[in-house]
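No value in this document is a laboratory result; all are computed from the given coordinates. Not measured: the values here are computed from a predicted model. With ideal geometry, Cβ positions are generated from the backbone for all residues, glycine too; neighbour counts draw on all protein chains shown.
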C-alpha cells in the first residue's frame, strides 16, 4: 500500500473518532451542581467535614443527590459509613442522616470506575422513587462526616456532592 494513503487513512480515522467523542460529550447533560474536594493527605479525619453550599431557586423541580468518592485500591474497607448534615435556608442548625456507601461487591471487586489504582464512585443519596424536593428557595448546606471506626480513614483522595435536576413534580388532580 502507498505510504501516503496509510497516513491519510490514519489521520481520517483519528479525526472521525475525535469528532464522534466530542459530539457524544455534547449530548450529555451536565449536573445542576457538582463539586469535589481533596482530602488532606488522603486521610479523612473526623474533624475534616467538607461543606457544599448550593443555591436552589426552583422549588418545583425534582433532584437526585449523589455522594462522589475517589479512593485508592488500598482502601481497607468495602464500604463507608458517613453522616450527611443538611441545613436549609434560614435555619441555624443542621439535620443529620447516617448512610452507608457500599464501595465493593461481595466478591471484593470495587464498584464504580477505576483507572490504575484510583477508583471513583458516584453513589445515590436519594432513591429513584423518592427524589429530593427543596421546599425553600435559597442556599442549602450539605456537610459530610466520615463515621467509620478508625480515624483517620486512609486512602480517601476526594469526596464530593453531585446534584442532578431530573424533572418536575406532577400536579395532583
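Where the centroid of each part is defined by its Cα atoms, how far is the range 54-87 from the range 95-140 in Å? What the calculation gives is 5 Å, centre to centre. Each residue of the range 31-168 gets 113 Å³ once the volume of the Cα convex hull is shared out per residue. The slack in the chain from residue 122 to residue 37, taken as 0.36 nm per residue of separation less the alpha-carbon distance, amounts to 29.2 nm.
Each of 80, 62 was scored by other Cβ atoms within 10 Å of its Cβ. Listed from fewest to most, they are 62, 80. Which parts of the range 56-97 would a label at residue 168 reach, counting a residue when its backbone N lies under 19 Å from a point 7 Å out along Cα-to-Cβ? Residues passing the 19 Å test: 56-64.
If the chain linking residue 106 and residue 91 were pulled fully straight, counting 0.36 nm for each residue of separation and taking away their Cα-Cα distance, it would gain 1.4 nm.
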